[in-house]
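Inspection log for the structure reproduced underneath, given as C-alpha coordinates.
The values are calculated or read from the model by the stated rules, or taken from the named source; none is laboratory data. Computed from a predicted structure; not experimentally measured. No Cβ is skipped: glycine too gets one built from the backbone with ideal geometry, and neighbour counts run over all protein chains shown. Just the protein is used for accessible areas: all its heavy atoms, side chains included, with ligands, DNA and RNA removed. Shrake-Rupley method; radii C 1.70, N 1.55, O 1.52, S 1.80 Å.
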Amino acid sequence: MADKLDSIEDLVFMAKLTEQAERYDEMVKCMKKVVQKKPDLTVEERNLLSVAFKNVIGSRRASWRIVTSIELKEQSKGNDRHVTFIQSYRAQVEKELAEICQDILGLLEKELIPTATTGESKTFLYKMKADYHRYFAETAPGEEQKELALAAYTTASEIATSSLAPTHPIRLGLALNFSVFHFEIRKKKQKRVFNWPRRLSMKPSLSLTPWMRRATKKAP
(Lines give C-alpha, C1' and ligand atoms only; values in the text may rest on other atoms or scores of the structure.)
Protein backbone atom coordinates (compact mmCIF):
# COMPACT_ATOMS: atom_id res chain seq x y z
CA MET A 1 0.00 0.00 0.00
CA ALA A 2 2.79 2.45 0.88
CA ASP A 3 4.26 2.02 -2.61
CA LYS A 4 1.08 3.48 -4.12
CA LEU A 5 1.09 6.60 -1.92
CA ASP A 6 3.08 9.71 -2.70
CA SER A 7 2.15 12.55 -0.36
CA ILE A 8 3.53 12.74 3.16
CA GLU A 9 0.03 13.46 4.48
CA ASP A 10 -1.31 10.22 2.99
CA LEU A 11 1.66 8.20 4.21
CA VAL A 12 1.28 9.53 7.76
CA PHE A 13 -2.44 8.72 7.68
CA MET A 14 -1.71 5.18 6.53
CA ALA A 15 0.93 4.81 9.22
CA LYS A 16 -1.68 5.70 11.83
CA LEU A 17 -4.19 3.32 10.25
CA THR A 18 -1.74 0.42 10.18
CA GLU A 19 -0.80 1.16 13.78
CA GLN A 20 -4.42 0.85 14.84
CA ALA A 21 -4.67 -2.39 12.85
CA GLU A 22 -1.44 -3.59 14.51
CA ARG A 23 0.15 -4.23 11.11
CA TYR A 24 3.52 -2.84 12.06
CA ASP A 25 5.55 -4.12 9.11
CA GLU A 26 3.31 -2.01 6.85
CA MET A 27 3.62 0.91 9.26
CA VAL A 28 7.41 0.68 8.91
CA LYS A 29 7.11 0.85 5.11
CA CYS A 30 4.97 3.99 5.34
CA MET A 31 7.32 5.77 7.70
CA LYS A 32 10.45 4.77 5.78
CA LYS A 33 8.95 6.43 2.73
CA VAL A 34 8.21 9.55 4.78
CA VAL A 35 11.88 9.65 5.84
CA GLN A 36 13.01 9.29 2.23
CA LYS A 37 10.86 12.27 1.24
CA LYS A 38 11.54 14.48 4.28
CA PRO A 39 14.17 13.30 6.78
CA ASP A 40 13.63 16.35 9.02
CA LEU A 41 10.62 14.80 10.74
CA THR A 42 8.00 16.51 12.88
CA VAL A 43 7.56 15.25 16.45
CA GLU A 44 4.48 13.27 15.36
CA GLU A 45 6.30 11.68 12.42
CA ARG A 46 9.31 10.88 14.59
CA ASN A 47 7.11 9.18 17.16
CA LEU A 48 5.30 7.16 14.48
CA LEU A 49 8.64 5.94 13.12
CA SER A 50 9.72 4.95 16.61
CA VAL A 51 6.47 3.09 17.35
CA ALA A 52 6.63 1.23 14.04
CA PHE A 53 10.15 -0.11 14.50
CA LYS A 54 9.74 -0.70 18.25
CA ASN A 55 6.82 -3.06 17.61
CA VAL A 56 8.49 -4.83 14.69
CA ILE A 57 11.68 -5.44 16.68
CA GLY A 58 9.75 -6.17 19.88
CA SER A 59 7.97 -9.20 18.47
CA ARG A 60 11.27 -10.67 17.25
CA ARG A 61 12.98 -10.03 20.59
CA ALA A 62 10.15 -11.79 22.38
CA SER A 63 10.37 -14.72 19.93
CA TRP A 64 14.13 -14.97 20.46
CA ARG A 65 13.74 -15.11 24.24
CA ILE A 66 11.08 -17.82 24.03
CA VAL A 67 13.07 -19.91 21.55
CA THR A 68 16.25 -19.54 23.63
CA SER A 69 14.38 -20.63 26.76
CA ILE A 70 13.01 -23.72 25.01
CA GLU A 71 16.48 -24.50 23.68
CA LEU A 72 17.90 -24.53 27.20
CA LYS A 73 15.11 -26.83 28.40
CA GLU A 74 15.71 -29.28 25.56
CA GLN A 75 19.45 -29.20 26.22
CA SER A 76 18.83 -30.08 29.86
CA LYS A 77 16.77 -33.07 28.70
CA GLY A 78 19.58 -34.20 26.40
CA ASN A 79 17.29 -34.00 23.35
CA ASP A 80 19.96 -33.22 20.77
CA ARG A 81 17.64 -33.65 17.77
CA HIS A 82 15.22 -31.01 19.05
CA VAL A 83 18.11 -28.73 19.98
CA THR A 84 19.34 -28.86 16.37
CA PHE A 85 15.90 -27.82 15.10
CA ILE A 86 15.68 -25.02 17.64
CA GLN A 87 19.15 -23.67 16.87
CA SER A 88 18.28 -23.48 13.18
CA TYR A 89 15.07 -21.60 13.96
CA ARG A 90 16.85 -19.30 16.41
CA ALA A 91 19.34 -18.40 13.69
CA GLN A 92 16.42 -17.39 11.46
CA VAL A 93 15.01 -15.11 14.17
CA GLU A 94 18.46 -13.62 14.79
CA LYS A 95 18.79 -12.88 11.06
CA GLU A 96 15.47 -11.02 11.11
CA LEU A 97 16.55 -9.09 14.20
CA ALA A 98 19.82 -8.08 12.55
CA GLU A 99 18.06 -6.94 9.36
CA ILE A 100 15.58 -4.77 11.29
CA CYS A 101 18.35 -3.19 13.36
CA GLN A 102 20.48 -2.51 10.29
CA ASP A 103 17.46 -1.01 8.53
CA ILE A 104 16.64 1.59 11.19
CA LEU A 105 20.31 2.27 11.99
CA GLY A 106 20.90 3.05 8.32
CA LEU A 107 18.02 5.56 8.34
CA LEU A 108 19.29 7.15 11.53
CA GLU A 109 22.90 7.49 10.42
CA LYS A 110 22.34 8.54 6.81
CA GLU A 111 19.08 10.51 6.92
CA LEU A 112 17.73 11.42 10.34
CA ILE A 113 20.65 12.40 12.57
CA PRO A 114 22.41 14.58 9.92
CA THR A 115 19.23 16.65 9.45
CA ALA A 116 18.30 17.02 13.14
CA THR A 117 18.53 20.64 14.31
CA THR A 118 17.27 20.79 17.91
CA GLY A 119 18.69 19.33 21.10
CA GLU A 120 15.46 17.42 21.67
CA SER A 121 15.47 15.76 18.25
CA LYS A 122 19.18 14.95 18.45
CA THR A 123 18.77 13.38 21.88
CA PHE A 124 15.78 11.36 20.70
CA LEU A 125 17.56 10.09 17.59
CA TYR A 126 20.86 9.25 19.31
CA LYS A 127 18.90 7.45 22.02
CA MET A 128 17.06 5.52 19.30
CA LYS A 129 20.39 4.67 17.65
CA ALA A 130 21.77 3.44 20.97
CA ASP A 131 18.65 1.37 21.66
CA TYR A 132 18.90 -0.50 18.36
CA HIS A 133 22.60 -1.19 18.83
CA ARG A 134 21.59 -2.54 22.26
CA TYR A 135 18.91 -4.78 20.73
CA PHE A 136 21.46 -5.94 18.15
CA ALA A 137 23.98 -6.66 20.92
CA GLU A 138 21.53 -9.00 22.64
CA THR A 139 22.05 -11.60 19.90
CA ALA A 140 25.15 -10.52 17.96
CA PRO A 141 28.51 -12.06 18.92
CA GLY A 142 31.45 -9.93 19.92
CA GLU A 143 31.74 -6.46 21.38
CA GLU A 144 31.11 -4.23 18.36
CA GLN A 145 27.41 -3.57 18.94
CA LYS A 146 27.98 -3.02 22.66
CA GLU A 147 30.64 -0.40 21.96
CA LEU A 148 28.47 1.33 19.35
CA ALA A 149 25.56 1.40 21.79
CA LEU A 150 27.76 2.86 24.53
CA ALA A 151 29.05 5.57 22.19
CA ALA A 152 25.53 6.53 21.08
CA TYR A 153 24.15 6.57 24.64
CA THR A 154 27.08 8.73 25.72
CA THR A 155 26.50 11.20 22.89
CA ALA A 156 22.77 11.33 23.64
CA SER A 157 23.52 11.94 27.32
CA GLU A 158 25.89 14.80 26.56
CA ILE A 159 23.33 16.48 24.29
CA ALA A 160 20.52 15.93 26.81
CA THR A 161 22.53 17.40 29.66
CA SER A 162 23.22 20.60 27.75
CA SER A 163 19.83 21.09 26.08
CA LEU A 164 16.99 19.39 28.01
CA ALA A 165 15.49 19.97 31.44
CA PRO A 166 16.25 17.25 34.03
CA THR A 167 12.59 16.17 34.04
CA HIS A 168 12.13 16.15 30.26
CA PRO A 169 10.51 12.80 29.25
CA ILE A 170 13.12 12.08 26.57
CA ARG A 171 15.94 12.70 29.04
CA LEU A 172 14.33 10.46 31.65
CA GLY A 173 13.72 7.73 29.07
CA LEU A 174 17.35 7.98 27.99
CA ALA A 175 18.52 7.63 31.58
CA LEU A 176 16.39 4.53 32.06
CA ASN A 177 17.52 2.86 28.83
CA PHE A 178 21.16 3.70 29.51
CA SER A 179 20.76 1.99 32.89
CA VAL A 180 19.22 -1.08 31.25
CA PHE A 181 22.16 -1.19 28.85
CA HIS A 182 24.67 -1.19 31.70
CA PHE A 183 22.75 -3.76 33.72
CA GLU A 184 21.68 -6.20 31.00
CA ILE A 185 24.35 -5.81 28.31
CA ARG A 186 27.47 -4.69 30.15
CA LYS A 187 26.50 -6.66 33.30
CA LYS A 188 27.33 -3.84 35.69
CA LYS A 189 26.27 -4.09 39.32
CA GLN A 190 22.78 -2.79 40.06
CA LYS A 191 23.92 -0.08 42.46
CA ARG A 192 26.25 1.38 39.86
CA VAL A 193 23.62 1.14 37.15
CA PHE A 194 21.10 3.24 39.04
CA ASN A 195 23.72 5.96 39.49
CA TRP A 196 23.50 6.69 35.74
CA PRO A 197 19.94 8.02 35.66
CA ARG A 198 20.56 9.83 38.94
CA ARG A 199 23.53 11.72 37.49
CA LEU A 200 21.90 12.26 34.13
CA SER A 201 18.40 13.35 35.01
CA MET A 202 18.06 14.24 38.67
CA LYS A 203 18.84 17.28 40.75
CA PRO A 204 19.14 16.91 44.55
CA SER A 205 15.86 18.79 44.96
CA LEU A 206 13.89 16.39 42.77
CA SER A 207 12.24 13.36 44.35
CA LEU A 208 11.86 11.01 41.40
CA THR A 209 13.30 7.86 42.95
CA PRO A 210 9.89 6.10 43.30
CA TRP A 211 9.17 6.73 39.61
CA MET A 212 12.53 5.35 38.56
CA ARG A 213 12.07 2.33 40.83
CA ARG A 214 8.70 1.51 39.24
CA ALA A 215 9.94 2.17 35.72
CA THR A 216 12.97 -0.11 36.08
CA LYS A 217 10.82 -3.10 37.02
CA LYS A 218 10.26 -3.69 33.31
CA ALA A 219 13.19 -3.10 31.01
CA PRO A 220 12.40 -1.31 27.73
Determine which single condition Glu184 fails, assuming it passes every other condition in (1) more than 26 Å from Arg65 (Cα to Cα); (2) among the charged types (D, E, K, R); (3) assigned to a helix (DSSP H, G or I); (4) modelled with pLDDT under 95. (1)
Would you confirm whether or not segment 53-71 contains a residue that is touching a Cys at 6+ places or on another chain (Cβ under 7 Å), assigned to a helix (DSSP H, G or I) and of a type in the set (Gly, Ala, Ser)? no
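Tell me yes or no: at least one residue of segment 40-54 is of a type in the set (Phe, Trp, Tyr) and open to solvent by 50 Å² or more (accessible area, probe 1.4 Å). Can you show your working first?
Quick first cut of segment 40-54, residues of a type in the set (Phe, Trp, Tyr) only: 53.
Next, from what is left, pick out any that are open to solvent by 50 Å² or more (accessible area, probe 1.4 Å): none.
No - not one qualifying residue is present in segment 40-54.
Take segment 71-103 and flag every residue that is hydrophobic (A, V, I, L, M, F, W, C) and closer than 30 Å to Leu148 by Cβ.
The answer is Leu72, Ile86, Ala91, Val93, Leu97, Ala98, Ile100, Cys101.
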Tell me which residues, restricted to segment 6-39, are surrounded by 13 or more Cβ atoms within 10 Å (Cβ to Cβ), not charged (D, E, K, R) and not in a helix (DSSP H, G or I). Pro39
What is the number of the single condition among (1) of a type in the set (Ser, Thr, Tyr); (2) more than 27 Å from Thr18 (Cα to Cα); (3) out of contact with any Ser or Thr (no Cβ under 9 Å at 6 or more places or on another chain) that Ser63 does not meet? (2)
Output yes when any residue across segment 97-115 is touching a Pro at 6+ places or on another chain (Cβ under 8 Å), of a type in the set (Ser, Thr, Tyr) and touching a residue at least 60 places away in the same chain (Cβ under 8 Å), and no when none is. yes
If Tyr135 meets every condition in (1) open to solvent by 30 Å² or more (accessible area, probe 1.4 Å); (2) in a helix (DSSP H, G or I) apart from one, which number is that one? (1)
Segment 1-16: number of residues that are modelled with pLDDT of 95 or more and under 17 Å from Phe53 (Cβ atoms): 5
Residues in segment 82-125 that are more than 21 Å from Asn55 (Cβ to Cβ), open to solvent by less than 40 Å² (accessible area, probe 1.4 Å) and assigned to a helix (DSSP H, G or I) total 6
List every residue pair whose Cβ atoms lie under 9 Å apart, where the two residues are 6 or more positions apart in sequence or sit on different chains, the first residue falls within segment 1-20 and is on the phi > 0 side of the Ramachandran plot and among the charged types (D, E, K, R), and the second residue, located anywhere, is exposed (fewer than 15 other Cβ atoms within 10 Å of the Cβ) and part of a helix (DSSP H, G or I). none
So, Glu71, is that one closer than 24 Å to Asp3 by Cα and among the acidic types (Asp, Glu) or not? no
